[in-house]
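Asks: The structure is given below, and queries will be raised subsequently.
The values are calculated or read from the model by the stated rules, or taken from the named source; none is laboratory data. Here the structure is a predicted model, which is why all the values come from computation and not from measurement. Here the Cβ positions follow ideal geometry from the backbone for every residue, glycine too, while neighbour counts run over all protein chains shown. Accessible surface is based on the protein model in full, side chains and every heavy atom, while ligands, DNA and RNA are left aside. Shrake-Rupley method; radii C 1.70, N 1.55, O 1.52, S 1.80 Å.
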Amino acid sequence: MRKILFENLLRLPLTEKPAPRDDTALAALGARVEHAARRRLGRSLSIRQVDAGSCNGCELEIHALNNAFYDLERFGLRFVASPRHADVLMVTGPVTRNMREALERTYNATPDPKWVVAVGDCALDGSILHIRGCPPTPTQLLNGLLSLLDGR
């Protein structure tokens, strides 16, 4: 037991090295998203995330948009707790039978005009806009929102 303990103390960590930080590119992307939201809506963009049966990989990346590194709110975008305050529904997961009615109710509660964005590979079928990836990175999510606002 002691031998295993000392071997593990001397072994290098098995985690991957972090991606290089490019704060200027992220700030420029965020500023473009904010500008597009203000141009298209006249205000900031409100997002409601809906888990429709996913593995939670996409949710982790979506929540990363709120952490100190990405800080989505500095770009004028925010997540809201109620679909009644949302402009965009970000749907993750393949929409299981058990979640279909809940998703329909959420959609109906969202005021017009509204957008639905499928996030991740398992949510791709039948959506208006797709953000590919399993899971997509926070930067891919921001690029997807920019495409939505630019009408591409």
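Asks: Looking at (1) over 20 Å from VAL117 (Cα atoms); (2) β-branched (Val, Ile, Thr); (3) open to solvent by less than 100 Å² (accessible area, probe 1.4 Å), which is the one condition that is false for THR24?
Replies: (3)
Asks: Spot the failing condition for GLU34; the list is (1) part of a loop (DSSP other than H, G, I, E, B); (2) closer than 21 Å to LEU145 by Cα, and only one is missed.
Replies: (1)
Asks: Okay, moving on. Being in contact with a Cys (Cβ under 7 Å, 6 or more places away or on another chain) and over 25 Å from GLY42 (Cα atoms), is that true of even one residue in region 94-112?
Replies: Yes: region 94-112 contains one or more residues that are in contact with a Cys (Cβ under 7 Å, 6 or more places away or on another chain) and over 25 Å from GLY42 (Cα atoms).
Asks: List the residue pairs whose Cβ atoms are under 8 Å apart, where the first residue sits in region 105-122 and is without any contact (Cβ under 8 Å) to a residue 40 or more places away in the chain and more than 12 Å from LEU148 (Cβ to Cβ), the second is part of a strand (DSSP E or B) and open to solvent by less than 70 Å² (accessible area, probe 1.4 Å), and the two are 6 or more positions apart or on different chains.
Replies: Cβ pairs passing all conditions: TYR107/LEU89; TYR107/VAL116.
Asks: Exactly one condition in (1) closer than 20 Å to ASN66 by Cα; (2) of a type in the set (Val, Ile, Thr); (3) open to solvent by less than 30 Å² (accessible area, probe 1.4 Å) is false for THR137; which is it?
Replies: Against the list (1) closer than 20 Å to ASN66 by Cα; (2) of a type in the set (Val, Ile, Thr); (3) open to solvent by less than 30 Å² (accessible area, probe 1.4 Å), THR137 comes up short only on (3).
Asks: Might you check whether a residue that is open to solvent by less than 70 Å² (accessible area, probe 1.4 Å), aliphatic (A, V, I, L, M) and over 11 Å from the mean Cα position of the chain (by Cα) occurs anywhere in region 58-75?
Replies: Within region 58-75 (the criterion being open to solvent by less than 70 Å² (accessible area, probe 1.4 Å), aliphatic (A, V, I, L, M) and over 11 Å from the mean Cα position of the chain (by Cα)), the answer is no, since none of the residues qualifies.
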